Amino acid sequence: MTVSRRAFLASSGLALMSASQVSGRAAAASIPEAPIQTSPLMQPPLFPSSGPDYQPVVTLNGWTLPWRMNGDWKEFHLVAEPVVREIAPGMKAHLWGYNGQSPGPTIECVEGDKVRIFVTNKLPEHTTIHWHGMLLPSGMDGVGGLTQPHIKPGKTFVYEWEVKSSGTFMYHPHADEMVQMAMGMMGSFIIHPKDPKFMRVDRDFVFLLASYDIEPGTYVPRVNEMTDFNMWTFNSRVFPGIDHFVVRKGDRARVRVGNLTMTNHPIHMHGYHFSVTCTDGGWVPESARWPETTIDVPVGAMRAYDFVADVPGDWALHCHKSHHTMNAMGHDVKTYIGVDQREIKKKISRLVDGYMPMGSAGMAEMGEMEMEAPANTLPMMTGFGQFGPIEMGGMFTVMKVREGLDANDYKDPGWFNHPEGTVAYEYKGSKAALQQPARKPTRVGATASGVELRAVKPGRGGQSHY
Ligand SMILES: [Cu+2]
């Protein structure tokens, strides 16, 4: 019969010693289960079952890692492993991640918690985990070679520390970083305040920005790409595969975003003014906040913004770099706007069956078209709303603010039912004013006051401003 550690302590007169005082090595003698998630869809938040109360976060197209209490240690088990991630229906990527998904599960704790995280490596090469933004002993910081030996394939390492401050953090490898992050290894790490009332919100969303370069028709990212990515993702999903943010009217809501790509992302949300309340360096004092509608998230940083959801509607939420709201696209495609391609079509059609020139009037036509693409390839722009094609891809989704939802109801409520008279409409009145130019042509160089402005050509005897 094996005697449990607790029973052993009691019988040996050490019962007064709490488990937290026992050395890590002894307490870490048994490994907690490593739950796995196979669905790429948003899983319900995990409410705290002990300790201080908090409003748990909801991970966009993700989930929260369950834990177990061992004495007063909160224990988690992450498994680094190859995963298959559905980027959107119609496309799967072969990535590396944690516990069945990329990104890995969100970890949630409370300020003051003692956390113990077991990390098992099932990758074909060594790894480590760095707890980005977290205040901890140097030896728990997870930088392979610098603060610890690498975790070899098949091995399990233990990280343990007392969580000092609340906020918005993330985790990722600090070993063969370029490859391991290009393969999708990352996750969110949220520390809730000990005081349940401090900065509390009713809905709290989190996601990470990741970019991939996956050639049309293939499954594995090209890990050496530095700038020219073709998959710009929220939590390794692209529009129309990204969950909607569902918020009840009147709720105080928070969006937390972390950036582990190779460029900055100006995250823009329609319909509201808000300000950054938290970064991966902690909470922003009220006196240091300013209003924004776009939050630029630098590389290797996190930003959280709060707002009161008092205006119902379907509000776009997206990266404002327009190439980041596209799926796989070639950047060497010529621009044909304004070019009459009818003659070219005739000529090329004689050589290539079914040749179809595109782009003479812009590229919106691609949003409606079902074009043949290689297997495992998403259209460049796609998705339909209640009024037609949305012509987006990549980092785009919708904040749906609705009246009368239940607390913590995150189910998609469908498209917004706009009150009568509040939707932009087609002009059907007199066309007389449309027959002639709206205003008279203006003489080039003339200004309102009639003063002529003259441009001076540099390098021809005149003044040069260069
Ligand atoms: Cu972007």
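Key figures
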| read-out | value |
| --- | --- |
| Coarse-grained scattering of the range 114-244 at q = 0.12, 0.13 Å⁻¹, given as base-10 log I(q)/I(0) from a Debye sum over alpha-carbon atoms | -0.58, -0.68 |
| Tail fraction, Cα-Cα pairs, the range 31-315, threshold 23 Å, whole percent | 52 percent |
| Cleavage-rule hits (trypsin sites (Lys or Arg not before Pro)) in the range 247-350: DSSP loop, at most 15 neighbouring Cβ within 10 angstrom | Lys249, Arg289, Lys334 |
| Neighbour net charge for Phe198 - beta-carbon separation under 14 angstrom, K R +1, D E -1 | -1 |
| Cys278 long-range amide H proximity, modeled H, under 5 Å | Val284, Ala304 |
| Whole-angstrom gap from the range 396-424 to the range 260-323, using each part's C-alpha centre | 20 Å |
| Amide H within-cut-off set for Val79, under 5 Å, with H built and near neighbours excluded | Asn99, Thr120 |
| Low-density loop cleavage sites - chymotrypsin sites (Phe, Trp or Tyr not before Pro) in the range 25-95, where at most 15 other Cβ are within 10 Å (DSSP) | none |
| At q = 0.14, 0.15, 0.24 Å⁻¹, base-10 log of I(q)/I(0) for the range 72-163 (Debye sum, equal scatterers on each alpha carbon) | -0.55, -0.62, -1.25 |
| Residue-span extension gain [Asp310 to Arg342] - 0.36 nm each, minus C-alpha spacing | 6.4 nm |
| Average Cα contact separation per residue, the range 31-315, under 8 Å, 6 or more apart, as relative contact order % | 17 percent |
| Restricting the range 93-177 to GluC sites (Glu not before Pro) in coil, as DSSP defines it, with at most 16 other Cβ within 10 Å | Glu125 |
| 5 angstrom amide H check on Phe189, placed H, neighbours 5+ away | Ile107, Phe169, Met170, Tyr171 |
| Neighbour-count ranking [beta-carbon atoms within 10 angstrom, fewest first] of Phe274, Phe198 | Phe198, Phe274 |
| Least to most buried among His270, His126 (fewest other Cβ within 10 Å first) | His270, His126 |
| Added length on full extension, which subtracts the Cα-Cα distance from 0.36 nm per residue, Lys194 to Lys321 | 42.0 nm |
| Net dipole in debye of the range 31-315 [+1 Lys, Arg Cβ; -1 Asp, Glu Cβ; about Cα centre; nearest 20] | 380 debye |
| Cross-link partners of Lys155 among lysines (Cα-Cα below 22 Å; sequence separation of 8 or more within a chain) | Lys74, Lys122 |
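No lab work stands behind these numbers, since they all come straight from the coordinates. Quick caveat: nothing in here was measured; it's all calculated off a predicted structure. All Cβ positions, even for glycine, are placed from backbone atoms using ideal geometry, and neighbour counts span all protein chains on display.
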